[in-house]
Amino acid sequence: MIWIKLAFFLLILYILNTTVKLLLGKLLKIEKEKKPFFSYNHINEMHRKIDWAIRITSMIAFLVINILIIIEDYSIYLIIIASFFYFVLDYTIRAFFEWKYSQNQKQYILTISEAVLNLIAIIIMYNFLLDYLN
């Protein structure tokens, strides 16, 4: 039953993200960028280096957190808190580079809206996990 709820929640999040992006794009006249489904979307070389440094650091951090959860019996909520900070850092860096160096500088508005929706989703999932595990 939890998997059905999770799938339904992710579907709603995807629909909400898409709707908000479309509405903001139309209202603020932001050009839609054509990008592949699985792409890194780096603005320039410096953004690529910073993004990869964040990814590698977060991968190591998540590995350590998983070890702490499994071996040392730390709370499972630690991984949700780490995810929250990873999303904040990742979206902040991406929005900054879109604002500062992108050809379509208004694109950062869509990135910030996506970040806010995803962070709200993490908070909702955190609360859902609190209710589910208790």
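Quick notes on this structure:
- Gln103 sits among other residues whose Cβ lies under 11 Å from its own Cβ, and their net charge, with Lys and Arg +1 and Asp and Glu -1, is -2.
- Sequence of Ile56, Ile65 once ranked by neighbouring C-beta atoms within 10 Å, starting from the fewest: Ile56, Ile65
- Of interest is the spacing of the C-alpha centroids, which for the range 80-134 and the range 2-77 amounts to 7 Å.
- Given the choices (1) 31, 13, 13; (2) 34, 15, 12; (3) 30, 21, 11, semi-axes √(5λ) of the Cα gyration tensor in Å derived from the coordinates of this structure is entry (3).
- Trypsin sites (Lys or Arg not before Pro) within the range 76-134, DSSP loop, no more than 16 other Cβ atoms inside 10 Å: Lys106
FYI, it's all coordinate maths here, none of it is from the lab. Bear in mind that the values here come from a model prediction, so they are computed numbers and not experimental data. Reconstructed Cβ throughout: ideal geometry from the backbone, glycine too, with neighbour counts over all protein chains shown.
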